[in-house]
Every structure is written in structure tokens, then in C-alpha cells.
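Undergrad: Handing you this structure, nothing more for now.
The values are calculated or read from the model by the stated rules, or taken from the named source; none is laboratory data. Everything numeric here is computed off the predicted structure, so don't read it as measured data. Every residue, glycine among them, receives a Cβ derived from its backbone with ideal geometry; neighbour counts consider all protein chains shown. These accessible areas exclude ligands, DNA and RNA; they are computed on the full protein's heavy atoms, side chains included. Shrake-Rupley method; radii C 1.70, N 1.55, O 1.52, S 1.80 Å.
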Protein chains: 2
Amino acid sequence: MPPITDAAAHALKIRRMGIDTHQEPVIYMRADCHICRSEGFEAQSRVLVTSRGNTIIGTLNVVTDERLLSHDEAGLSDAAWRLLQAHEGDHAEFSHPEPLESLSHVRAKVFGHRLGDRQMSAIVRDIVAGRYSELHLSAFVTACAGNHLDTAETIALTRAMVEVGERMSWPAAPVVDKHCVGGLPGNRTTLLIVPIVAAYGLTMPKTSSRAITSPAGTADAMETLAPVNLDIRAIRKVVGQEGGCIVWGGAVKLSPADDILIRVERPLEMDSAGQMVASVLSKKLSAGSSHVVIDIPVGSTAKVRTRGAARALSEQLIEVGRALGLNVCVAVTDGSQPVGRGIGPALEARDALAVLRGDQDAPQDLRERSLSLAGEIIELATNVPTGTGYDLANVILSDGRAWRKFQAICAAQGGMREPPRSRHTHTVTATRPGRVTGIDNRRLARIAKLAGAPNDPAAGLDFFAPIGSSIDAGQPLFTIHAESPGELAYAREYLASQKDIVVLGDEA
Amino acid sequence: MPPITDAAAHALKIRRMGIDTHQEPVIYMRADCHICRSEGFEAQSRVLVTSRGNTIIGTLNVVTDERLLSHDEAGLSDAAWRLLQAHEGDHAEFSHPEPLESLSHVRAKVFGHRLGDRQMSAIVRDIVAGRYSELHLSAFVTACAGNHLDTAETIALTRAMVEVGERMSWPAAPVVDKHCVGGLPGNRTTLLIVPIVAAYGLTMPKTSSRAITSPAGTADAMETLAPVNLDIRAIRKVVGQEGGCIVWGGAVKLSPADDILIRVERPLEMDSAGQMVASVLSKKLSAGSSHVVIDIPVGSTAKVRTRGAARALSEQLIEVGRALGLNVCVAVTDGSQPVGRGIGPALEARDALAVLRGDQDAPQDLRERSLSLAGEIIELATNVPTGTGYDLANVILSDGRAWRKFQAICAAQGGMREPPRSRHTHTVTATRPGRVTGIDNRRLARIAKLAGAPNDPAAGLDFFAPIGSSIDAGQPLFTIHAESPGELAYAREYLASQKDIVVLGDEA
């Protein structure tokens, strides 16, 4: 029987539709398009698009207004256009993607089976190839959440995530790194640790994340001081010159699978211990690290709520690290209240600068935490006597070497700048006197986000009432910062519906 | 404090964008839109839209081509336009939706907690209000899949699904119903059972579904014989007059939560026993039924593959039914091959008509299955002696009462018509003699769909080679029917790539 269809019959001219659908590639085709009809495509169908040897899989939206597309055209969303590396005037072919075989592994996991190396690898490869829709990603994240991954599965996931990303290597060993599992607003120690450790002489090529569910990630805070979107070549140059950097990890695709999973975990607000371990360690492995200190703040409103949970997480981090050749040391720290005063990219950067510059009113808690962690790194990666790391770090910070190193790193990354300041503020004061006995980190973080952080770098809040402090009636508890009146109003509206974000007890 | 923003500042003219995004409501706003900027909206933000007192929540796509929208406009996808009940020239206000509190229950479920009535109800209310994005829906479906819902949770889900839908009531008890869990092509017994049972004197207001993944749903088949898009008032009139009806359930929104969940379960290919039970029983309860017979065909290529799985499902159906005041009886039937000869809306309707009219060559298997199930319904809902239901049904079918009742129901629904016939056929014949030992229902269904079913009502196939029959070389196995030569070609192309859809063994 002769061929009934040929490639040309499945080709259309493609054009950029001018619609930003975030990271989900969307394809637009007319309802009366001959390809839609012959292939049986309908709205939400998954469609394989091929042009000049590149392929992507997108979700179909059907155009019902003929003015949007002509007969011989298909449209691509901004993400689809970018991923396909398309050019104006190109043609593309459209067909059904092959069945998503690795989805059967996700289903097996849902039905209680364990995932081995082969299955995990197949899932992660399909995710990175863009074969999973948001629905599929959500199913995978949900299936793994809630501690459903055991240690062997977590090792498999970590290995699979390293396999699909870039991997860096460095001439000088040891290569150190540091990570905080997060959940503690203002805990921006990286901005201090990197210059201290680099000034000490260790190599610390720090790739940081942007905020996922928090008001600021380290990359967001650093970006208010210097460029962070460096490619691998630029990172190599900065680290070669200064011994350290603080850049955004997303730009170098150290863990492209993680970058994709994170965009689903965020709206679901769904974390999984196994995915967290794989996310952290895959990035450290890809960054070429040999020694890593991990900060786990524990508190009732932090990400990790109990010492027991911190212990379980520590064990998994250490065990998975060991299986993959990484020296991991865990520091369990106090997570009962925000660190420093600022919450939000620019406000946190301002606190870190104050510590580096040795300002009189610099937040001491941020200074202490940074010195402890820097000390741990120095002890883990070198043979200095146990207990001396803190003092070594303290000298480097106090004598200005860390501050000079920080400025040099910023300059090497593209030039240092002052963090922006917000245009709209609102200060919340105590309605009665009392002593602060508790703070809800989560709701404080939420207010900072409603005010615009992290997308508006100057937005967030300044917090003035640490646990144990005595407050008079009318004394400021915190100040909300926003870049637009609408966002300030939105944060205030939420605030009005809440109480006891700062718990005041009677004075003893 | 004075209002910081007013409604007008958040209003834009809305217009229909002319894009079909299936059921996901999408909102289009320009990147330079003042509302986007003041509210901090970006692509994929969830946006609350209010117009004339109606509200919906949609996902934002940001328009980067200024020609698509003018400065004072926002666009709505077809689904968003429909849900908002908008009119050309309307204005709408745009704001942040409130935080999705019920998502914490979904997370709790993922972390191993059980969901009570209150939690399930909150989740289902939010789903029906359109507050869950596709991501959230996928997480909920995944969290419940893999038999993760116990009986108490399934009862809670069923109750919650009934609460949010319309509920019908009928003057005459008992009110009977029948459901097939599906997966068996041609199993169109409803077209026979309703007239038999209604002629017997019971009330059977049957709402059927259209095809989801199959070549035909009962509503699709019935629609080739009479109108099925009846609203509740019209249904009430037909049932009041004739004691029964066969209409499309989607038009009356008996289980709007189920309608939403199904569109996520399909691309995930993820069924959950609990969700299936809740889906079936919530619709029966909403339809006002008191007695329901459920047909579970079991076969290696049917939806339920083993007797054990059928037994577990039966127990759950009966127990959940009992808890909610519904008498459920389950018939586990043979699901090894198609029922009747036709697969596709008109071809299945033709088979049912042949049985009703008592035609010489009417498919006996369809007749027998229908009589058994009708007999079960009569025994379940009345006090006739066990074992006599089949005979009672047989008399009503054989003496023409069922046929007259069917014609009366069709007339009451808007007028009976003959099913359409296809214009293009292709017959597949046996290449060698043998005895049929197996049939792949799933691939047969796929061919029928490629030929155009269910959208083209006359498309599908006629199947002539039931298991156990002796076939000569050159004898027809099945005939493909299509309404266009292109679709016939498309089905043949797939067929050419497949083998052993009908398995021929050597003659004994």
C-alpha cells in the first residue's frame, strides 16, 4: 500500500505567538487545521514538534479565532519558541509523541513499588527532555513526596539528576561548599562564608538558588549586589581569580532536572525529604565539590520542625553523600526566629554588607552563624585542629580580609552595586507592652512575599523584635517594604486577618 | 484606613481571545498591563477574575505581542469566557485569589494522614469552584491513586461529590440505575435495559456518559437515535411520562467534581479504585437512585483484568453504597471480547435496535447480557423471587413491549431517527484458516477511534470473529467504517503496523 501521508503534509509555517506561558511550551493550531484533523489533535493534546532537527513536546491550544493564525501557520509560545531554537520563517512538522513509557514507573511508585536506578534514570531523562507535562511532573513530585523515597531510591534519584546535567571540575582540591535547607527567613550566611573561606585559601565555587517558596534565595539577595547569571566559563574565571563566587545555579544547568521539578514543587508547596536530598547533593556533585557543610535550622515554624526530623535528614544526607563520593557534615542550628533583620533580597543583602563592613549595628546573630559554619567548613576540608575553625574565620572577618574578598568577587562577577530601597513602607507596632516569646517564621515570610519579594528585590520586611526582647506599647515590631502600593495593600490585608505572628508574653 | 486601591483601578475590558485551552481557564494580559505590575502577576500566576458578580480563577499567560490585546483589554480563553458567563463589552476586575487552604489537606494525605469528611468536603468544594489548577488536581489524583483511599475516605469523597452537584428526586420509588465500569467495546446494554425495566414499571432515569477514552459512550450511541442533551426539566418530563430516559449526564452536571477530575485522570492514565467508586456512586446518588446494578466486565484487555480485582472493587462499591443509603448489586461479567458486532456510536445503536426489533441476525450475546442485567435490577428493586428476573425481562423484550417503550422514550426525548451509515469501509480478512483464541479489545477500540469514532458517529468497526469461532482463509474478521477516506486510511495505516489483534489458533 502506498504511503498515505508524507512529511510535507504534516508541516506548517511556525511563528512566535507572542504569549509567555512561563516554562510550559504551548503550541497553537487552528481548529480547522488539516494536521489537527488528520492526527486527531484537540486542546490539551501533547504534540511533538520537529524543526531543523530539533524536537520539543508541547501542549496544544486550539485557536478558534481565525484572525490569530493563517491557514498554513502554527503558533508557538515564547517557551516553545526558545526550546525549539526556532527562527521566523521556519517550518515544522507535527505528530503524536511516543507513549511516555517512564510514566509506568511513576504509576508503579504510586502503587507502592520501589524505583531502581534504571527506572529513576528513565524518568529523569524524560523530564529533562521535556516529555513530562506539568500534570505528569505534578504526579511524580506527589508520588515521591511525604518521605516516600527510601535511601536507595534517593541515591538513584541523585545519581540520575547528576547524569543529565553539566559537571564542573577544578584544578585545586579540596573544593568546598555549603548549603542551608532553608525555611529560616534572613539566613543569608553564604554572602559571608564564601569570602571568609575563599580568603582563607579554599576553593568555594558557590552556586545558589533563587527563592522557591521563600521571600528570597541567596541568588536573589546576591543579585542586588552583583550580577549572578554567569555561565560556566565566567564562573571558572571568577573562581580561578578569587577562589570563590556566589552565582545563580540555574544559569549553568548543574541540575536541569531539579530546575524543572522545582517549578512544580513551588505551586504545590510540596517538599519531599528524598527530593530535597537529591536536589542539594546533585548540585554539589555537579559543581565538583568534595566537602560540603549543610546547615539545618530547626524550629517549630522552620522547614525542619524537630531535632528528630533534622537527625533523620542528616543521616540521609551523609549516607547519600557517601554513596556518591561526597564528604558531608551537618550543622543543626537554631531555627526559632529570623536571622538578621531583613527578609527579602535587598534587605538581606544590606544585613550581610553591614556584617562584612563591621558596622556598629550589624546583626550579631547573622555574624555568629556565619563564623560557625565557615569554621565547620575549614575544619572539614583541612587538617586544622577541631574547635579552631571559628577563631580562624573570626580573624579573617574582623581584619577586613573577608570584606575585601567579597568586593573582589563582586567585581569579578561584573561589578558591585548598592542594593535598591523600597518606595512604600508600613510599620506594625505593638498594641501593648510585653516580652517576645515566639515568632511565626512562615507567616512573616508570607507577608514579605505578598509585599512583592522576591520578584521585587527591595520588597520584604525588616524585623525588630527577636525572641526575649522587651517591647513597649507603640514600639515597632516590623516594617513592611513594597515597590508598589497595591502590593503593600495586599500584604496589609493579609496581616489584618492574622494574629500572634509575634507572640507577646507578660513581662516577667 | 482609607482604601488604597479601588475597583476601577483593577478593571479591564475583557474579550474572548479565541483560544480553546480545553477546560483550564486561561487569562491573557499584556506584559505592560498596570494590573500585572501592581499585583505582581507573572506568567502562570493564578488570577481571580470578577465580572457582574461572577468569579473564576484562571492561570495567567502574558501577552508579549502588543497586537494581540490593546492597553485596556484582557483576554479570556474559551473556557474562562464560558465559566465567567461573560459578554462582549464587559469589564472585569483582577486580583490575587485567597490562599488555597484545602491544599494542606492534600499535603496531609501525601504525608500519610487520612482525610475526614470535613477535609474531603473542603477539597471538593475548592475543585468545583475552579480554585485548583491542573497541577493541584494532578497532586490530588496522585495522592488518592494506588488504592490510597480507604473505605471511610471513599465514603467521604463520594458524599462530598454529591454535595456539590445537582440532586434529582422522583415521586415514585424505587428508582433504579445501572452502570458498567467500561473497557469493553460494544457493551451497549443500557439501550435495552432501560426500555425493559421501564416497561416493567420501574423508574429508570438513566444519565450516561460520552466516550472518554473509548470509541463510543452510551450517550454517543443513543444520540444517533434521539436527542440526549436534555436539561433537568426535560428529563423530568420524559421520565414522568415514560418511566425512563437515556440522556447525556454531562448536560445536567450531576457530578461536576467528577467531570473535572476525569480530565486529569485521563492524561495521567491513573485510575484509583476509590475515585472510581466515588465517581460512579456520586452520579447515581445525584440522579436520585435507590437501587443500582453495576456491571464489571473482567478480561485481560478490559478495564478490570482479574476476578480478584473485580471482587475488591465490588466490596467497596457495596459498602460505600450502603453507607450512603444506596442498594448496590454487582454483576461480574465476561470481558474477554467485544459485545455485539458494532464498535462505534451508530454501529452499536444498530445492534441494539436489532435486538429490540427481534431481528433474526441480532447479536445474541448483547441480548443475553442485557436480559441478565435487567433481571438483576428487577430482583434487586422488587420482591420477585430470586432467579425469576431474567424470565420477566425476556418476556418484555420478546413480546415487543421493550421495543415500543424504546420508541416512546425516543419520541419523548425529541424524536426517533435511524442511525447514520458510513460512506467508506475496508474489510480485513483472515490470511489463513484457524480458530479464534483471543482478541485485543484495546487495539480494536483504537482502530475504531482512528477511523473517526466517536466524533464521526457512523465510524468504527463491525466485528465478525468472536472467540471460539472457526475461520476460513479469506473470511472477514472485521470491517472498518469511516466517514472520510483520510480517516479510513489513517486506521489502515495503524492496522498495518499491528499484528495479532485477532489471535488465530490451529483448528483442534
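Undergrad: Do any residues of the range B:119-141 show a loss of at least 20 square angstrom of accessible area between the isolated chain and the full protein assembly, using a 1.4 Å probe, and if so which?
TA: Buried by the other chains: B:GLU134, B:LEU135, B:HIS136, B:SER138, B:ALA139.
Undergrad: In nm, give the distance between the simple-model label positions of A:ARG423 and B:LYS237, each being 7 Å from the Cα along the Cα-to-Cβ direction.
TA: Label at A:ARG423, label at B:LYS237, 6.1 nm between them.
Undergrad: Can you sort A:ILE318, B:ILE19, A:ILE260 by 1.4 Å-probe accessible area, starting with the largest? List each step's numbers first, then the result.
TA: Details: A:ILE318 55, B:ILE19 0, A:ILE260 30 Å².
Final ranking, largest accessible area leading: A:ILE318, A:ILE260, B:ILE19.
Undergrad: While we're on this one: For chain A, can you list the cysteines whose C-beta has no other cysteine C-beta under 4.7 Å from it?
TA: A:CYS144, A:CYS180, A:CYS245, A:CYS329, A:CYS410
Undergrad: Each residue of the range A:259-268 in order: what ³J(HN,Hα) in whole Hz does its phi give by Karplus 6.51 cos²θ - 1.76 cosθ + 1.60, θ = phi - 60°, with x for Gly and Pro?
TA: 3J(HN,Hα) across the range A:259-268, in whole Hz: 4, 6, 5, 4, 6, 9, 4, 4, x, 7.
Undergrad: Between chains B and A, what is the buried accessible area summed over both chains (1.4 Å probe, protein heavy atoms, nearest 100 Å²)?
TA: Working: alone 22300 and 22160 Å², together 39880 Å².
Its buried surface, counting both partners, is about 4600 Å².
Undergrad: Treat every Asp and Glu Cβ in the protein assembly as shown as -1 and every Lys and Arg Cβ as +1, leave all other atoms uncharged, and give the resulting dipole magnitude about the Cα centre to the nearest 20 debye. Walk me through the numbers before you get to the answer.
TA: On the way: 106 positive and 116 negative charges, 120 e Å.
Result for the protein assembly as shown is approximately 580 debye, rounded to the nearest 20.
Undergrad: Does anyone have the angle between helix A:117-128 and the longest principal axis of chain A? Alpha-carbon axes, 0 to 90°, nearest 10?
TA: Compared with the principal axis, the helix lies near 80 degrees.
Undergrad: Another question, if that's okay. Run the 1.4 Å probe and let me know the accessible area of B:LEU477, rounded to the nearest 10 Å².
TA: 20
Undergrad: May I ask for the angle, rounded to the nearest 10°, between helix B:485-496 and the longest principal axis of chain B, with both axes built from Cα atoms and the value confined to 0 to 90°?
TA: Between helix and principal axis, roughly 70 degrees.
Undergrad: Just want to confirm a number: the relative contact order over chain A, from Cα pairs under 8 angstrom separated by 6+ residues, in percent.
TA: Numbers: 1079 pairs, mean separation 71.9, N = 508.
RCO, chain A: 14 percent.
Undergrad: What's the magnitude of the charge dipole for chain A around its Cα centre, counting Lys and Arg as +1 and Asp and Glu as -1 at the beta-carbon? Answer in Debye, nearest 20. Write out the running numbers ahead of the final one.
TA: On the way: 53 positive and 58 negative charges, 144 e Å.
It comes to approximately 700 debye.
Undergrad: Solvent-accessible area of A:MET416, probe 1.4 Å, all protein chains present, reported in Å² to the nearest ten, please.
TA: 70
Undergrad: Just to confirm my numbers, what's the Cα centroid distance between the range B:93-122 and the range B:199-241 in Å?
TA: 35
Undergrad: What Rg and what Dmax come out for chain B when only alpha-carbon atoms are used, in angstroms?
TA: Answer for chain B, Rg first and Dmax second: 25.1, 91 Å.
Undergrad: What distance in nm separates the two pseudo spin-label positions at B:GLN360 and B:ARG307, each 7 Å out from Cα along the beta-carbon direction?
TA: A separation of 3.9 nm, rounded to one decimal place.
Undergrad: Here is a further query. How many Å² of accessible area per residue for the protein assembly as shown, probe 1.4 Å? Please report the intermediate quantities before stating the final value.
TA: On the way: 39880 Å² over 1016 residues.
That works out to 39 Å² for each residue.
Undergrad: How far, in nm to one decimal, is B:GLY112 from itself in the other copies if the label point is set 7 angstrom along Cα toward Cβ? Shortest first, please.
TA: 1.5
Undergrad: Let me ask something else about it. For the protein assembly as shown, list log₁₀ I(q)/I(0) at each q in 0.04, 0.05, 0.07, 0.09 Å⁻¹, using the Debye formula over Cα point scatterers of equal strength and ignoring solvent, two decimals each.
TA: At q = 0.04, 0.05, 0.07, 0.09 Å⁻¹ the computed log10 ratios are -0.24, -0.37, -0.70, -1.07.
Undergrad: Label position 7 Å from Cα toward Cβ: report the copy-to-copy distances for B:PRO466 in nm, one decimal, ordered from shortest.
TA: 8.3
Undergrad: Among all lysine pairs in chain A that are eight or more places apart or on different chains, how many have alpha carbons less than 13 angstrom apart? Let's see the in-between values first.
TA: Values: A:LYS178/A:LYS206; A:LYS178/A:LYS283; A:LYS178/A:LYS284; A:LYS206/A:LYS283; A:LYS206/A:LYS284; A:LYS253/A:LYS283; A:LYS253/A:LYS284.
Taking chain A as the scope, the lysine pair count is 7.
Undergrad: Under 5 Å between amide H atoms, partner at least 5 residues away or on a different chain: which partners does B:GLU24 have, H built in plane at 1.01 Å?
TA: Amide H to amide H, under 5 Å and 5 or more residues apart or across chains, B:GLU24 pairs with nothing.
Undergrad: Please report the spacing between the Cα centers of the range B:278-345 and the range B:39-66 in Å, no decimals.
TA: What the calculation gives is 41 Å, centre to centre.
Undergrad: May I pose another question? Would you work out what percent of the accessible area of the protein assembly as shown, with all protein chains in place, is carbon or sulfur (probe 1.4 Å)?
TA: Details: 19580 of 39880 Å².
Answer for the protein assembly as shown is 49 percent, counting heavy atoms of protein chains only.
Undergrad: Still on this structure, I have one more. Kindly report, to the nearest 10 Å², the accessible surface of B:ARG350 as traced by a 1.4 Å probe over protein heavy atoms only.
TA: Answer for B:ARG350: close to 80 Å² accessible.
Undergrad: Placing the label point 7 Å from Cα along the Cα-to-Cβ direction, what are the distances from A:GLY89 to the equivalent spots in the other copies, shortest first, in nm to one decimal?
TA: 4.5
Undergrad: Provide the per-residue ³J(HN,Hα) series for the range B:100-113, in order, calculated from phi with Karplus coefficients 6.51, -1.76, 1.60 and θ = phi - 60°, each as a whole number of Hz, with x at glycine and proline positions.
TA: Those phi angles translate into 7, 4, 5, 5, 5, 5, 4, 4, 4, 4, 4, 8, x, 7 Hz.
Undergrad: Further, regarding this structure: Given H placed on each backbone N at 1.01 Å, which residues far from B:CYS245 in sequence or on other chains put an amide H within less than 5 Å of it?
TA: Hits under the 5 Å cutoff: B:MET204, B:LYS206.
Undergrad: Sticking with this structure for a sec: Helix B:134-144 sits at what angle to the longest principal axis of chain B, using alpha carbons and giving 0 to 90 degrees rounded to 10?
TA: 50
Undergrad: Skipping prolines and chain starts, which residues have an amide H placed within reach, meaning under 5 Å, of the one on A:VAL175, given they are 5 or more residues away or on another chain?
TA: Those lying under 5 Å, H to H, from A:VAL175 are A:SER290, A:HIS291.
Undergrad: Next question. Along the Cα→Cβ direction, 7 angstrom out, place labels at A:ASP399 and B:GLU88. What is the inter-label distance in nm?
TA: Inter-label distance under the simple model: 7.9 nm.
Undergrad: What is the local net charge at B:ILE232, summed over the other residues whose Cβ is closer than 12 Å to its Cβ (Lys, Arg +1; Asp, Glu -1)? If you can, show how the numbers build up before the last one.
TA: Details: positive: B:ARG167, B:ARG233, B:ARG236, B:LYS237, B:LYS253; negative: B:GLU166, B:ASP231.
Neighbour charge sum, excluding B:ILE232 itself: +3.
Undergrad: Around A:ARG125, with a cut-off of 9 angstrom between Cβ atoms, what is the net charge of the other residues, counting Lys and Arg +1 and Asp and Glu -1?
TA: -1
Undergrad: Also, quick follow-up: Which one, A:VAL264, A:LEU281, A:PRO215, is farthest towards the positive end of the dipole of the range A:207-346 when Lys and Arg carry +1 and Asp and Glu -1 on their Cβ?
TA: Most positive-ward Cα: A:LEU281.
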